[in-house]
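Below is one structure, written out as structure tokens, with a few remarks after it.
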Amino acid sequence: LRRQRQMCIRDRIALGDFFTIGNTSQEVVGVSKGAKSFIYPLVFTSHANAQALCKYHSSQTNYFLIELESTANFHDVKAAITDIEGLTALTSKELKKNTILYMQFSAGMGLGTFTFAIVGLFVAIVIISLTTYTTTMEKVPEYGTLKAIGASKLVIAKILLEQVLWITFVGYFLGLILALLLQLLINHLTLMPVKISLPFAAITFVVTLLFSTLGAFTSIGVVNKIDPAVVFRR
């Protein structure tokens, strides 16, 4: 028990250490650095030892990893395994998909993550809209001056839209760079893997650009109502 407490404090497990799983003492003969899990720690052991620790019968097993010979037909082998009652053959992609679906819907993590994403999107929309509107309102005198010297609505709209697009592009890519750096830091320091995929980044950019543009058109409507005489009243 003292040895285990010291291991927890050090947060390291050395070769030759002993720890208890269930009612049996297990010796550490190797340490894996490639497996990450933020729910349960992973322990690799022999098949027979895993059955004993999980209190499975010698004929019970959750999964078998099958490696086909070069001459074997993948589809024939999969069909033959599936035809056996109680067995299902899954490719690595299918197993990954099943795990993701289980975590999202059966384990209850999907609803929480989805709710968090929706709330984050709503907050982002509000911030983008307020930033665009505030930026426009701060430059009302400048737009009034442009109208006073004869600038058309099209020219003013082009200037305003270009300004908003620049803010969107620069702000998005700075945020993306920061997110990627945080991803590397989190993956290095914690067991919770974080991944920002290219499709997700592209969708986020499109949504950001869409709402920025909508905010710009809202501001254009406000600017079009500006009385050029406001410039001469100040």
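The values are calculated or read from the model by the stated rules, or taken from the named source; none is laboratory data. Keep in mind the model is a prediction, meaning the values are calculated, not measured. Please note: Cβ atoms are built from the backbone with ideal geometry, for glycine as well, and neighbour counts cover all protein chains shown. Surface accessibility is based on the protein's heavy atoms, side chains included, excluding ligands, DNA and RNA. Shrake-Rupley method; radii C 1.70, N 1.55, O 1.52, S 1.80 Å.
General observations
- Accessible-area composition of the chain, carbon plus sulfur, in percent [1.4 Å probe]: 67
- Simple label model, 7 Å out from Cα along Cβ direction - K33 to T20, nm: 3.2
- From helices alone, the chain scores -20000 deg cm²/dmol at 222 nm; the rule is -39500 (n - 2.57) for each run of n ≥ 4 DSSP H residues, then divide by the residue total.
- Pairwise Lys count, segment 41-190 - Cα closer than 23 Å, eight or more residues apart or different chains: 7
- For I21, nonlocal amide neighbours, meaning residues 5 or more places apart or on other chains whose placed amide H falls under 5 Å from its own, are Q26.
- Charges were assigned to the Cβ only: +1 to each Lys and Arg, -1 to each Asp and Glu. The resulting dipole of segment 98-234 about its Cα centre is roughly 320 debye.
- Here r is the Cβ-Cβ distance between V207 and I100 and R0 is 35 Å; the resulting FRET efficiency, rounded to 0.05, is 0.95.
- Relative contact order for segment 18-124: 9 percent, from Cα pairs under 8 Å spaced at least 6 residues apart, divided by residue count.
- Gain upon complete extension [F64, S129; 0.36 nm per residue less C-alpha separation]: 18.1 nm
- Normalised by residue count, segment 75-203 yields a Cα convex hull volume of 177 Å³ per residue.
- Rg followed by Dmax, in Å, when the chain is reduced to its Cα trace: 29.6, 91
- Accessible surface of T61, taken over heavy atoms with a 1.4 Å probe and every protein chain present, rounds to 50 Å².
- Relative contact order, percent, the chain [alpha-carbon distance under 8 Å, six or more residues apart]: 20
- The chain, accessible area per residue, ligands and nucleic acids excluded (1.4 Å, Å²): 78
- Förster-model FRET efficiency, 41 Å R0, I149 and L174, C-beta, rounded to 0.05: 0.75
- Highest to lowest packing among 151-160, 66-75, scored as the average C-beta count within 10 Å: 151-160, 66-75
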